[in-house]
Amino acid sequence: MIDMDDMSCKTVIQEQYKNTDNLKVRKSLHEKYSVNKVGFQRWMFDQYPFRRKMKILELGSGTGELWNYYFENDVLRSYNMDIILSDFSDGMTDYLQHLFQGRGISVRKADIQHIPFGNGTFDLIIANSMLYHVKDIDLAISEVRRVLKKDGLFCCSTFGINGMTQYLYHALDELGIPCDHKSNISFTLQNGARTLRKQFAKVDRRDYTDALEIDNVEDYLEYIYSMASMQGLDRGKYGVLLDYFNSRKVNGYLHIPKEYGMFVAGDGGFDGCRRVR
Ligand SMILES: C[S@@+](CC[C@H](N)C(=O)[O-])C[C@H]1O[C@@H](n2cnc3c(N)ncnc32)[C@H](O)[C@@H]1O
């Protein structure tokens, strides 16, 4: 099992995200088996307070899935917003560049801990499901604060400790497979607001209600083996895990709780920031 102190170690994370493969495996599990059919990305996208001529930066964009909803919306596309997607991985930025070439969205390589833009540049900064991978989260958030305009907003999503992670750790414990419960918990729905409040006067937490109902356990095992924190998990345990999770099915489905949500952070004045579509 990977030493979880390594979880924010650049080489582990760089290896995990050297291309889109691992991320796509995990996204497809959510797409296929989530009970809430709105979808987490759509739910988040609908809350961003877009307005005309806005300058937007997304950090750790991965496959850029969020922006599918932008291209579906003619009104938003008429807003003349300046949108920059970024990631610290060459594999991801190459993918994004290819995907968005000539479509009015720019792509930059950027580490959230050293954002390559000047002070007070952006109205909205987005960082989804990535802060828990970052070695120095305080530095990352101070960089976000620096490049955000005074009245700008920072929206970042993460998971909670009562969802999929806890479910998996419980299973591994029952099977006697060693795992470090501290993995990835540096920025969660439970502790994220405390960290954000060091830089922002106001932090609002919003939760997305969902769960997984899985009939094909092999899809779940592919998800587990794709995780950065599970890179040390022995492939020889595959059969044991398959039997264990199959035995946990009720009425043909494995029920796995999810706890996901987002924070909206700024220096006040965003009570009405939910966008009206
Ligand atoms: C779990 S994926 C999330 C992707 C996307 N935001 C989403 O919600 O689907 C995490 C992404 O953050 C990127 N990442 C990790 N550490 C980073 C850092 N220090 N700076 C910028 N990007 C980083 C990874 O390369 C990966 O694409």
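Here are the numbers for the structure shown:
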{"quantity": "Over the range 114-246, relative contact order from alpha-carbon pairs under 8 Å, at least 6 apart, %", "calculated": "21"}
{"quantity": "Shape of the range 34-88, Cα gyration tensor, a/c cut at 1.5", "calculated": "oblate"}
{"quantity": "Links that overshoot a 32 Å alpha carbon limit, given the list 24/150; 135/258; 24/182", "calculated": "24/150"}
{"quantity": "Gyration tensor verdict on the range 143-206 (Cα atoms; rounded if a/c is under 1.5, prolate if a/b is larger than b/c, oblate otherwise)", "calculated": "prolate"}
{"quantity": "Three-way shape call for the range 4-266 based on the alpha-carbon gyration tensor, with the a/c threshold at 1.5", "calculated": "prolate"}
{"quantity": "Mean separation of Cα contacts under 8 Å, 6 or more apart, over the residue count of the chain: relative contact order %", "calculated": "25"}
{"quantity": "Highest to lowest packing among 230-243, 188-201, 121-134, scored as the average C-beta count within 10 Å", "calculated": "121-134, 188-201, 230-243"}
{"quantity": "Sequence-distant lysines (8 or more away, or on other chains) whose Cα lies within less than 20 Å of residue 149", "calculated": "53, 55, 198, 202"}
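Bear in mind that the values in this text are calculations on the coordinates, not laboratory data. Just so it is clear, the model here is predicted, and its values are computed rather than measured. Positions of Cβ are generated from backbone atoms using ideal geometry, with glycine treated the same way; all protein chains shown enter the neighbour counts.
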